[in-house]
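Enquirer: Structure provided below as structure tokens; questions to follow.
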Amino acid sequence: MGNCRVGGPGRSEMVVKGRPRTGAGGRGKRAAVLDAAVALFLDRGFDQTSMDVVAAEAGVSKTTVYAHFGDKVELFRAVIERGSSSLDFDLDQAMLSSVDDPQERLTHIVTKLLEATTAPQYLALVRVLTTEAARRPELTEAMRTMGVPHVVDVVAATLVEDGQRHGYVLPDPHTYAALFVRMAAAGLQMDALLSPEPRHDSARLAAHARWTTTLFLRALRSPDPVALPEAPLRNAGDAFAVFEPPRTD
């Protein structure tokens, strides 16, 4: 998978992973537009980034930009989706390369999630979304695509496997997975957002992932015979809203 870096050292690759530029081809131009949009949205915000400026930064015509993205909201969504796809890829790799123990695998998944969602570019995009959300509600939907739906799927599958090994049954694996993701990630994400100089300490993130995973699984594996409680209803607009998985039959 090719990586297209934007910005100086220390920037996360999460948002800028994608196809490498390939010259004048359509895919190369689309990648160039996305690279430019990432840098400009993070530097100027949504309102101060025009399609003209994106075209100039990418070295393409404005017509080319509109040929790939119908408007600026669609372009912004594409930036978010590009980052989400990169995180999804990392999570799938974590599932494929992890050890057989579900607890170790879950710890690895959470570590990957924390590394991605406390990185400078991710935090910058969240700030842009937060700033624009009140005036542009259509952008809030983009936040829900930032790796959240797939990480819930991956965690739910791992929790089901752990339950099979340790004798417990989750009444709603996806909702329990969403709860776990919130518990494991939200605190460190908020710390990073509020800190004037957030530290991206990989060892600290890994230790936090192991700690929260151990606590959560220890509670689920408790020998207490009382059944696990049903989850409360959630609002469909929540960032971590959980919906019934699609049927496969």
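Enquirer: Any idea how many residues of segment 191-211 are touching a residue at least 60 places away in the same chain (Cβ under 8 Å) and over 19 Å from the mean Cα position of the chain (by Cα)?
Expert: 1
Enquirer: Taking residue 170 as meeting all but one of (1) modelled with pLDDT of 90 or more; (2) under 20 Å from residue 114 (Cβ atoms); (3) not in a helix (DSSP H, G or I), write down the number of the exception.
Expert: Status for residue 170: all satisfied but (2).
Enquirer: Do we have any residue at all in segment 66-83 that's at pLDDT below 80 and under 25 Å from residue 160 (Cα atoms)?
Expert: Initially, segment 66-83 is screened for residues at pLDDT below 80, giving 80-83.
Applying the additional criterion that residues be under 25 Å from residue 160 (Cα atoms) yields none.
Checked segment 66-83: no residue is at pLDDT below 80 and under 25 Å from residue 160 (Cα atoms).
Enquirer: Within segment 19-28, can one find any residue that is assigned to a loop (DSSP other than H, G, I, E, B) and modelled with pLDDT of 90 or more?
Expert: If we filter segment 19-28 for residues that are assigned to a loop (DSSP other than H, G, I, E, B), which is where we start, we get 19-25.
With the extra rule that they be modelled with pLDDT of 90 or more, the set shrinks to none.
Within segment 19-28, not a single residue is assigned to a loop (DSSP other than H, G, I, E, B) and modelled with pLDDT of 90 or more.
Enquirer: Could you please find all residues in segment 126-147 being within 28 Å of residue 105 (Cα to Cα) and at pLDDT 70 or above?
Expert: Within segment 126-147, 126 is the sole residue that qualifies.
Enquirer: Let me ask something additional. Out of the residues in segment 148-190 meeting the condition of being closer than 13 Å to residue 109 by Cα and surrounded by fewer than 19 Cβ atoms within 10 Å (Cβ to Cβ), tell me which one is farthest from the chain's Cα centre (by Cα). Show your work before the answer.
Expert: At the first step, the residues of segment 148-190 found to be closer than 13 Å to residue 109 by Cα are 148, 150-159, 177, 180-181, 184-185.
This time we only want the ones that are surrounded by fewer than 19 Cβ atoms within 10 Å (Cβ to Cβ), so: 150, 153, 157.
Numbers: 150: 8, 153: 13, 157: 18 Å.
My answer is 157.
Enquirer: Considering only segment 88-119, how many residues are part of a helix (DSSP H, G or I), modelled with pLDDT of 80 or more and not hydroxyl-bearing (Ser, Thr, Tyr)?
Expert: Our first condition is that a residue be part of a helix (DSSP H, G or I); within segment 88-119, this holds for 88-97, 102-117.
Applying the additional criterion that residues be modelled with pLDDT of 80 or more yields 102-117.
Okay, now just the ones that are also not hydroxyl-bearing (Ser, Thr, Tyr), so 102-106, 108-110, 112-116.
Qualifying residue count, segment 88-119: 13.
Enquirer: Going through 160, 152 one at a time, which residue ends up being among the aliphatic types (A, V, I, L, M), in contact with a Phe, Trp or Tyr (Cβ under 8 Å, 6 or more places away or on another chain) and at pLDDT 80 or above?
Expert: Values: 160 fails: in contact with a Phe, Trp or Tyr (Cβ under 8 Å, 6 or more places away or on another chain).
The match here is 152.
Enquirer: Exactly one of (1) modelled with pLDDT of 90 or more; (2) closer than 25 Å to residue 122 by Cβ; (3) among the hydrophobic types (A, V, I, L, M, F, W, C) is unmet by residue 217. Its number?
Expert: (2)
The values are calculated or read from the model by the stated rules, or taken from the named source; none is laboratory data. Just so we're clear, the structure is a prediction, and the values are computed from it rather than from any experiment. No Cβ is skipped: glycine too gets one built from the backbone with ideal geometry, and neighbour counts run over all protein chains shown.
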